[in-house]
Amino acid sequence: MNTDLHEKSIAADAPAAAGRRTAFLLFMAGCGGMLFDFGGAIINPAIPYLESLALFTTAQLSHLTSATVLGAAISGLAAGPVAELAGRKKVMLAASGVAMMSALPICLGGGAYAPFLAGRLMQGVAAGLAGVVVPMYLAETLDAAHRGRGAGVFQFMDVAGILLCTLVGVVVVRAFGGPGDPATGAAAKGAAWRAIFWSSAVPAAVFFLGALRLPESPVWLKRRIRQTGGIPPDEPQGGAARDKSLLQRRYVVPFAISMLVLLCNQASGCNSITYFALKMFRDAGLGDGAAGLANVALGAVLLPATAVACALVDRKGRKFLLKLGTAGMLAADIAAGCVFFALGRGAIEPSPLAGCAVAFCLVLFMASFCLGPGVVVWLALSEIMPDRIRARGMAVGLFLNMMVAWLVADKFLVVAERFGYATLLFGFGFFAAVYLAVAAFVLPETKGKTLAEIEEMFSRK
């Protein structure tokens, strides 16, 4: 009798336990998403303090800003093989551990360039590892009913992390004083930018503590058991004949389209605008407080735009959202470029009105990006990439995407100082126009199609 009651109790508790497990995995998806971009974006509110103290040259400041992207590009390429060798959990723990330690050389290095650069590269390494392994782990551990939700939570909390960075900037200005305020001394400015970077350890610590409780991926464990037991792998091994098939149109065309889309994705300025928006607002005429609030508005618009895109992507289709998003990005780039062109020619003076105009344009740009490319691009490209080349193609695509982002961010301040923001924004607008043309006339619609149907579509054309 007692045994029967015990078994019934276990059966009744099983759904609740499964629900708690799923909820915890979704929580970790959110933590991983926040970890992915927080380290890179946290320099945004620190830049005005670093400039005010003249700790670095313009070129050095650009290098420090873009270093996280370079670190992420390199570690992202290695993340897959390392996760296969060591397991998903160990790599996630390593990513969060590196992210926590990255604040040490930045904040304790005395403001010297070399340790600051080392810390920024560490933040990038952590982001690259998390960006590859966390989605991989979620796909292997969440059931089919919750996989899409896990990807959505990861992306949503990614942009929430950017918003949190802007809020950190507002809090620091209130606590230590603004970088443009004559009453704010050098000691306060130094404490302010260090406080900003210390905050980057918080989401890393939360993710590390959560990852300690995670089980290893069952998919990886199964594969490991098969390898150590000498059992042949499930998938057949390809030979030379299969390698030649990569030259077929069904592989070459979608791969080429994917690379073009990813080039335009970063060359239209999304990462750089996130990093340098606060500086642009201040240079256009907004004061410390108003620029900080505009920066918060830029981060805040990411959340509803991402939520709307997630709700519409399966109803309206990939092409519709990409066309809508890239058209908005193009309009915003041109409008902001015109404001800075007028400022550079002396037609208007830096003022709160000009600063608000720039803020409106950049908020429109980021909302358009999140509504279109921010959510759609990786989904669409994973669908058009044939199964035979999907893993390698997506790895190469991620590397290209990050390297373009690094190049643009690395040269942003140097080009802006020499040629003005207008030159940069009109250049971003050119690539946004190319992006719009590709979305409208080249990229196929994949909504409602199976992966096999999409691959067959390329083989027929």
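What to note about this one:
- Whichever residue in the range 148-193 is modelled with pLDDT of 90 or more and charged (D, E, K, R) and, among such residues, is nearest to Cys107 (Cα to Cα): Lys189
- Test: residue in the range 251-264 that is at pLDDT 90 or above and buried (at least 16 other Cβ atoms within 10 Å of the Cβ): yes
For (1) assigned by TED's automatic domain parsing to the domain that holds Ser258; (2) among the aliphatic types (A, V, I, L, M); (3) over 24 Å from Ala422 (Cα atoms); (4) modelled with pLDDT of 95 or more, each residue gets a yes or a no:
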position	(1), (2), (3), (4)
Leu303	yes, yes, yes, no
Ala307	yes, yes, yes, no
Gly317	yes, no, yes, no
Cys338	yes, no, no, yes
Gly346	yes, no, no, no
Glu349	yes, no, no, no
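- Checking Pro350 against (1) touching a residue at least 12 places away in the same chain (Cβ under 8 Å); (2) part of a helix (DSSP H, G or I), the condition it does not meet: (2)
- Some residue of the range 268-275 being modelled with pLDDT of 80 or more and of a type in the set (A, V, I, L, M, F, W, C): yes
- Counted residues, the range 394-425 - those being under 17 Å from Ile47 (Cα atoms) and touching an Asp or Glu at 6+ places or on another chain (Cβ under 8 Å): 1
- Some residue of the range 265-286 being surrounded by fewer than 18 Cβ atoms within 10 Å (Cβ to Cβ) and of a type outside the set (D, E, K, R): no
- Comparison of Ser66, Ser96, Ser75 shows that the only residue that is in the same structural domain as Ser199 (by TED's automatic domain parsing), of a type in the set (S, T, N, Q) and touching a Gly at 6+ places or on another chain (Cβ under 7 Å) is Ser75.
- Residue ID - nearest to the chain's Cα centre (by Cα), chosen from residues in the range 42-68 that are of a type in the set (Val, Ile, Thr) and over 25 Å from Gly161 (Cβ atoms): Thr58
- The set of residues in the range 408-423 that are more than 17 Å from Thr65 (Cβ to Cβ) and hydroxyl-bearing (Ser, Thr, Tyr) contains only Thr423.
- Conditions (1) buried (at least 23 other Cβ atoms within 10 Å of the Cβ); (2) of a type in the set (Lys, Arg); (3) touching an Asp or Glu at 6+ places or on another chain (Cβ under 9 Å): number failed by Lys89: (1)
- Condition check for Arg174: buried (at least 16 other Cβ atoms within 10 Å of the Cβ), assigned to a helix (DSSP H, G or I), in the same structural domain as Gly30 (by TED's automatic domain parsing) and not hydrophobic (A, V, I, L, M, F, W, C): no
- Filter pass, Ala145 being at pLDDT below 90, surrounded by fewer than 20 Cβ atoms within 10 Å (Cβ to Cβ), among the hydrophobic types (A, V, I, L, M, F, W, C) and part of a helix (DSSP H, G or I): yes
- For Ala439, the criteria (1) touching a Lys or Arg at 6+ places or on another chain (Cβ under 7 Å); (2) surrounded by 24 or more Cβ atoms within 10 Å (Cβ to Cβ); (3) modelled with pLDDT under 85 hold in every case but one, which is (3).
- Neighbours by Cβ (under 8 Å, 6+ apart or cross-chain): first from the range 149-171, aromatic (Phe, Trp, Tyr) and in a helix (DSSP H, G or I); second at pLDDT 80 or above and surrounded by fewer than 24 Cβ atoms within 10 Å (Cβ to Cβ): Phe156/Leu303; Phe156/Thr306; Phe156/Ala307
- Within the range 382-398, being hydrophobic (A, V, I, L, M, F, W, C) and either over 22 Å from Phe255 (Cβ atoms) or modelled with pLDDT under 70 (or both) holds for Ile389, Ala391, Met394, Ala395.
- Once the range 92-120 is narrowed to residues that are surrounded by 18 or more Cβ atoms within 10 Å (Cβ to Cβ) and more than 23 Å from the chain's Cα centre (by Cα), the residue that is nearest to Ala191 (Cα to Cα) is Cys107.
The values are calculated or read from the model by the stated rules, or taken from the named source; none is laboratory data. Owing to the predicted nature of the structure, the values given are computational and were not obtained by experimental measurement. Glycine also receives a Cβ, built like all others from the backbone with ideal geometry; neighbour counts cover every protein chain displayed.
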